[in-house]
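Here the structure comes first, spelled out in structure tokens, and everything after it is commentary.
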Amino acid sequence: MRGLREELLADATGDVLEVGCGTGRNLPFYHHAKSLVLTEPDPEMARRTRRHLGEAAMPVELVEAPAEALPFANGRFQTVVSTLVLCTVRDPAVAIAEIRRVLEPGGLFLVMEHTQAHPGGWRRAQDLLTPAWRHLAAGCHLNRPTLAMIEAAGFSPLRVVEVGQGLLPLRVGRYRSPGQAPQRPPW
Ligand SMILES: C[S@@+](CC[C@H](N)C(=O)[O-])C[C@H]1O[C@@H](n2cnc3c(N)ncnc32)[C@H](O)[C@@H]1O
């Protein structure tokens, strides 16, 4: 999974927001960000991540907030990152709407999430196991149609890769938010 994170986050440029950063596993891979804001609602995870912020090569801030209520202005970021988070948030539709709001028009949404399986046996198993799994895995849902929700929120897929199948089929996606990115001077 380290390689997948590294490849995905190579595309994180400009002012970057990561939602649900956990213990900061993505921190070593932000080589092209101008600035980085991490959010995490769990105070203990936030405390563990804060210890590593000084190691980053760009200005980094950590804000304790859930993805459903991001305390940032509209269009504040050029890139938003979510890895293994949208399976767990309380209200994924609201979280995705918030991500769209804080991204500038034409901004990049980078995701690595496990999602609902294709129709068939694995999907049925996900539906069956999710109630128990949620209790065991801190609210994680096996069967969320996360990619469909991202597209329903108006994001356009640029590239989506399916990594494996089974109970936890991983998807790595790059999405563009609606609208045209503002013109910037070339310097
Ligand atoms: C499986 S961990 C993934 C952590 C990290 N993103 C990674 O890739 O290693 C799930 C994370 O989602 C966070 N989380 C749970 N509910 C959330 C919410 N409503 N908004 C944002 N993050 C949330 C958890 O606190 C946890 O840090």
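The values are calculated or read from the model by the stated rules, or taken from the named source; none is laboratory data. Predicted model only: the values in this text are computed from it and were never measured. Don't worry about glycine lacking a Cβ; one is built from the backbone with ideal geometry, like all the others, and counts go over all protein chains shown.
Looking at Arg50, Arg101, Arg25, which is the one that is closer than 29 Å to Ala132 by Cα and basic (Lys, Arg)?
So the residue among Arg50, Arg101, Arg25 that is closer than 29 Å to Ala132 by Cα and basic (Lys, Arg) is Arg25.
Let's see how each residue does on (1) buried (at least 17 other Cβ atoms within 10 Å of the Cβ); (2) over 13 Å from the mean Cα position of the chain (by Cα); (3) modelled with pLDDT of 95 or more; (4) not in a strand (DSSP E or B):
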{"position": "Pro105", "(1), (2), (3), (4)": "no, yes, yes, no"}
{"position": "Gln116", "(1), (2), (3), (4)": "yes, yes, yes, yes"}
{"position": "Asp127", "(1), (2), (3), (4)": "no, yes, yes, yes"}
{"position": "Trp133", "(1), (2), (3), (4)": "yes, yes, yes, yes"}
{"position": "Arg144", "(1), (2), (3), (4)": "yes, yes, yes, yes"}
{"position": "Tyr175", "(1), (2), (3), (4)": "yes, no, yes, no"}
{"position": "Ala181", "(1), (2), (3), (4)": "no, yes, no, yes"}
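Since Lys34 meets every condition but one in (1) crowded, with 18+ Cβ neighbours inside 10 Å; (2) over 17 Å from Arg101 (Cα atoms); (3) more than 15 Å from the ligand (Cβ to nearest atom), which condition does it not meet?
(1)
Of the conditions (1) over 13 Å from Asp15 (Cα atoms); (2) within 16 Å of the chain's Cα centre (by Cα); (3) more than 15 Å from the ligand (Cβ to nearest atom), Arg101 fails just one. Which one is it?
Answer for Arg101: the failing condition is (3).
Need pairs with beta-carbon distance below 9 Å; first residue closer than 15 Å to Pro178 by Cβ and within region 82-103, second near the ligand (Cβ under 9 Å from one of its atoms) and among the hydroxyl-bearing types (Ser, Thr, Tyr); sequence gap 6+ or separate chains.
Close Cβ pairs satisfying both conditions: Ile96/Ser82; Ile99/Ser82.
Looking at region 54-77, is at least one residue in contact with a Phe, Trp or Tyr (Cβ under 6 Å, 6 or more places away or on another chain) and within 16 Å of the ligand (Cβ to nearest atom)? Quick ask: steps written out before the conclusion?
So the first thing to find is which residues in region 54-77 are in contact with a Phe, Trp or Tyr (Cβ under 6 Å, 6 or more places away or on another chain), and the list is none.
No, the conditions are met nowhere in region 54-77.
Could you give me the residue pairs with C-beta distances under 7 Å whose first residue belongs to region 118-140 and is under 17 Å from Val89 (Cα atoms), whose second residue is among the β-branched types (Val, Ile, Thr) and surrounded by 13 or more Cβ atoms within 10 Å (Cβ to Cβ) wherever it lies, and which are 6+ apart or on separate chains?
Ala138/Thr88; Gly139/Thr88; Cys140/Thr88
From Arg47, Arg90, grab the single residue that is near the ligand (Cβ under 10 Å from one of its atoms) and either part of a loop (DSSP other than H, G, I, E, B) or over 16 Å from Leu108 (Cα atoms) (or both).
Arg90
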